[in-house]
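**Student:** Take this structure first; my questions come after.
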Amino acid sequence: MSWEPRENLIWIYVPEEIFLSAPLRKSKIINLPYKAALMKMYSKEGAVMMDAQSLRREGDNLIMKGKIMEAMSMSIYLKPEDIWEARKLLSWSIIWYLPVIIIKGWWRSMMKKRT
């Protein structure tokens, strides 16, 4: 029996012994749909470094869930004080460029949908 993985599915190998009381030598493959990446971050060479799948609020923190290097699932906790300290990374030229890059991203996204 052969199978090929499809996009947007996670393939998990699960022995049937978990589901049946009598141990068997057979196995079962379960495919679970997973949430596709909403934002990808790339290295200079074009390799995907992180797939961001969700951003939500929990208490005072923001939690970003995703996959690092397409292999390891991870939750990143962003605390208010850390976000405040991140302001030091922003120069005035970057702050002025933010609306431009958002519009460019929207435009390119719309062009991809049309093709």
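**Student:** Of the conditions (1) within 18 Å of LEU38 (Cβ to Cβ); (2) out of contact with any Asp or Glu (no Cβ under 7 Å at 6 or more places or on another chain); (3) modelled with pLDDT of 90 or more, TYR77 fails just one. Which one is it?
**Tutor:** (1)
**Student:** Quick one: GLY66 ticks every box in (1) modelled with pLDDT of 90 or more; (2) out of contact with any strand residue (DSSP E or B) (no Cβ under 6 Å at 6 or more places or on another chain); (3) not in a helix (DSSP H, G or I) bar one, so which box is it?
**Tutor:** (2)
**Student:** Here's something else I'd like to know. Might you check whether a residue that is among the polar types (S, T, N, Q), out of contact with any Asp or Glu (no Cβ under 9 Å at 6 or more places or on another chain) and assigned to a strand (DSSP E or B) occurs anywhere in the range 86-105?
**Tutor:** Within the range 86-105, not a single residue is among the polar types (S, T, N, Q), out of contact with any Asp or Glu (no Cβ under 9 Å at 6 or more places or on another chain) and assigned to a strand (DSSP E or B).
**Student:** Okay, next question. Starting from the range 49-74, take each residue that is of a type in the set (Val, Ile, Thr) and list its partners that are part of a strand (DSSP E or B), counting only C-beta distances under 6 angstrom and pairs at least six apart or across chains.
**Tutor:** ILE63/ARG56; ILE63/SER75; ILE63/TYR77; ILE68/MET50; ILE68/MET74
The values are calculated or read from the model by the stated rules, or taken from the named source; none is laboratory data. Bear in mind that the values here come from a model prediction, so they are computed numbers and not experimental data. Here the Cβ is made from the backbone with ideal geometry for all residues, glycine too, and neighbour counts use every protein chain on show.
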